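No lab work stands behind these numbers, since they all come straight from the coordinates. Nothing here was measured: the structure is a model prediction, and the numbers come from that model. Methodologically, a virtual Cβ is constructed for each residue, glycine included, from the backbone with ideal geometry; neighbour enumeration extends over all protein chains shown.
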Amino acid sequence: MASRLDLLQGTLDLMVLQTLETMGPLHGYGIARRIEQISGDAILLNQGTIYAALVRLQQRGLIRAAWGTSENNRRAKFYAITRSGRKQLQADASNFERLAAVIGRLLAMAGGEGR
């Protein structure tokens, strides 16, 4: 279970970093909604899940946070990707693409055995 949790955390971290790289600084709610929107609501993130990822990424120095005012005029913490975060994003994206290719080949192989 721990390795599955690590995989899920790593995937969410990758999605958060990519969202910040693409969209620029966003608050946690905005990050979560953007991920949900891009996924076609296949991924639904609760507040605890997204904020745990943001804390984890901030502790690792991959994102930074600053207080600002949201579009509805409320005080919110905005997150931005750091230089280290960009390097990590490149490495993680490359690893994920290789993993996805391997999984694709394995699934294709299983399908070809006349299931």
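Under a model in which nothing but the beta-carbon of Lys, Arg (+1) and Asp, Glu (-1) is charged, the chain shows a dipole of about 380 debye around its Cα centre. Per-peptide packing, taken as the mean over residues of other Cβ atoms within 10 Å, places 66-77, 41-52 in the sequence 41-52, 66-77 from highest down. Projecting the Cα positions of ASN46, TYR29, GLY68 onto the charge dipole of the stretch 29-106 (unit charges on Cβ atoms of Lys, Arg, Asp and Glu, taken about the Cα centre) puts GLY68 furthest along the positive direction. Contact order for the chain, expressed relative to its length and based on alpha carbon pairs under 8 Å spaced 6+ residues apart, stands at 26 percent.
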